[in-house]
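Working notes, structure below.
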Amino acid sequence: MSTSLRRVLLLVAALPGVLVLLACLYMLGMEHLEHSPRTFAASFVWAAETLTSTGYGGDSHWHHPAMITLVVMVQFLGMSMAFLVFPLLVMPYFEQRFEGRLPRAAPAKLRDYVLVYRWSPAVESLLDELQRAKVPAVVHEEDEPLARRLRERGRTVVYGNLEDDDLDPALLARARAIIANGSDPANGALVLLARQRGFSGEIIALVDEPLHRRPMMLQGATAVYTPRHVQAAALAGLAHGRVASRLTGIQHLGGKLKTGELRVHRDSALAGQTIAEADIRRRTGATIIGQWRGGEFNARVPGSTVIEPGAILVAVGSEEALGRLGELAKPLSVQGPFVVLGYGEVGRKVVEFLRDAGEPTVVIDREPGDGVDVVGDALDPAVLREAGVTKARAAILSVADDSTNLFTTAVVRDLAPEIPIIARVARVDHVERFHRAGADFALSLGEVAGEILAHKLLGDEWISLETRLKLVGVEPAGLAGRKLRESSVGAKTGCSVVAVERDEEVIVDVSEDFVPKAGDRVYLCGTEDALERYFERFPGARPG
């Protein structure tokens, strides 16, 4: 029996008793106070009329103060029933009766689906990935309002309570994999129940406490992840060595070729121009190989790409060329500490990863403790200045609450317009808000968990992994004897010629008017797809 039905039955049972009590009080009052006796039937009608606010028949005037007080109190009791009791007790019952019942089992024809136990932002991206890969997914949800909202969004939802043994055995039998996304104890119970019922597929559990990973594996989980720790590692990775992790092969040039990230200042001459109009390669000798915008790295930057204020250009060239480009834009500092705002579970792991990499950190938190360098409110500019945020290498916002983190982003950006801001985000749909507030990189828990789970379930072919750039040396087939501008390498393939080796000398300041010669070794920078397009256009350059 549902809670709403029990409440309605209780109201129906109590109502006659209330009417009888009020009728008796009215009958006694009329006889002893007003000296105008009434029968029980007439008194009962009066009580019903008053409680329902339908008015009175012959009884509409009273003289004794106690009688008047009784009538007024009963009138207010009737009004309270109309405005409080019925909406709180009766209406929920009728709403549930007329609302569609949530299914307790998956559609009979549905097979080979991924069963997700409990929805949260951590699995939202996974559900989108599964939908994109045309793999059906079923969400088993115990929160009824949430289950209804998910169903309205088009998700396949099964409603039930694991503790009440509401898990349909057929739900497990037809699943290809299970994602346990509840509390750690509930996840453990689900894993054990699934294995006891003979489920032999993959069970992936998301846990809050790292110490619970081994017990979860012992109960039968195939893999166990702690999404918040993975999110912390991703945040630290964004802060430390962003370009180095994307560009492989640069060590083969003996350190003559450098990479750098440069934020385009709003007053820069580059702001608002296209790559072609800026003519960066001729003016500086540096080559733009990518651009960060809105937290996403784009490795394809054709000449028509507009250089927007605040964008972060990723460039490659000699140290002198990057210096000249820095004068046009504004290079990001590679000095100073990383300022970490918030020292909860994620913040602590971020600091741990950075310190293990040998990077200096300054931690701001409201509460004092080991590892906290500045105690105070991160929304207070004085606290931020004390932590040295204006001269920081980057600010990493790791507060758990999205609203607080969002406003902190705006405060930090106002105080330090040029430093990179890396923000932790709880919900995927809040990422865009953080970019609008001034964050350069906003990483949601759902994105991190979704990528891990999708990789585990679907493999690389369905995952949108971050772009990784490669630097390769090739023969100048198709390029020899022609200006690079005439070859249109970038426009046709997406690759960039970033250096040329000639007679044991590495030329890194390569302009569009540079003419490669036979016997040179040309160094290309691009993604795997871009390099493949280059080899298709210039097959003679493909390594043997």
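Every read-out reported here was derived from the displayed coordinates using simple, explicitly stated rules and does not represent laboratory data. This structure is a prediction, so every number in the text was calculated from the model and none was measured. Glycine also receives a Cβ, built like all others from the backbone with ideal geometry; neighbour counts cover every protein chain displayed.
Each of 140, 265, 229, 32 has some number of other Cβ atoms within 10 Å of its Cβ, and from fewest to most they run 32, 265, 229, 140.
Using only the alpha carbon atoms of region 227-467, find the Kirkwood hydrodynamic radius as the inverse mean reciprocal pair distance, in angstroms to one decimal. Please report the intermediate quantities before stating the final value.
Details: mean 1/r = 0.0538 Å⁻¹.
Taking every pair of different Cα atoms in region 227-467, averaging 1/r and inverting gives 18.6 Å.
Within the shell of other residues whose beta carbon sits under 12 angstrom from the beta carbon of residue 28, the net charge comes to -1, with Lys and Arg scored +1 and Asp and Glu -1. Values (i) 28.9; (ii) 31.7; (iii) 23.4 are given for comparison; Kirkwood radius over Cα pairs in Å, derived from the coordinates here, is the one labelled (i).
What is the sum of charges, Lys and Arg at +1 and Asp and Glu at -1, for the other residues whose Cβ falls under 13 Å from the Cβ of residue 125?
Working: positive: 132, 427; negative: 124, 128, 129, 429, 447, 451.
Summing Lys and Arg as +1 and Asp and Glu as -1 gives -4.
Counting neighbouring Cβ atoms within 10 Å and putting the fewest first, the residues 168, 59 line up as 168, 59. Relative to the longest principal axis of the Cα atoms of the chain, the long axis of helix 227-239 makes an angle of roughly 40 degrees.
In the chain, the DSSP-assigned H stretches of four residues or longer account for a calculated mean residue ellipticity at 222 nm of -12000 deg cm²/dmol, using -39500 (n - 2.57) per stretch and the full residue count as denominator. If you add up the charges near residue 539, with Lys and Arg at +1 and Asp and Glu at -1, over every other residue whose beta carbon is less than 15 angstrom from its beta carbon, what do you get? Surrounding charge for residue 539 is +1. Taking amide H positions as modeled 1.01 Å from N, with prolines and chain starts lacking one, the residues under 5 Å from residue 274 and 5 or more places away or on another chain are 307.
If you line up the long axis of helix 3-32 against the longest principal axis of the chain, both from Cα atoms, how many degrees apart are they, to the nearest 10? Helix 3-32 sits at roughly 30 degrees to that axis. With respect to the chain, whose longest principal axis is taken over its alpha-carbon atoms, helix 319-328 is tilted by about 50°.
Annotation: amide H-H contacts under 5 Å for residue 157 (H modelled 1.01 Å from N, sequence separation of 5 or more, or interchain): 139. Averaging 1/r over every pair of different alpha carbons in region 388-442 and inverting the result gives a Kirkwood radius of 10.8 Å.
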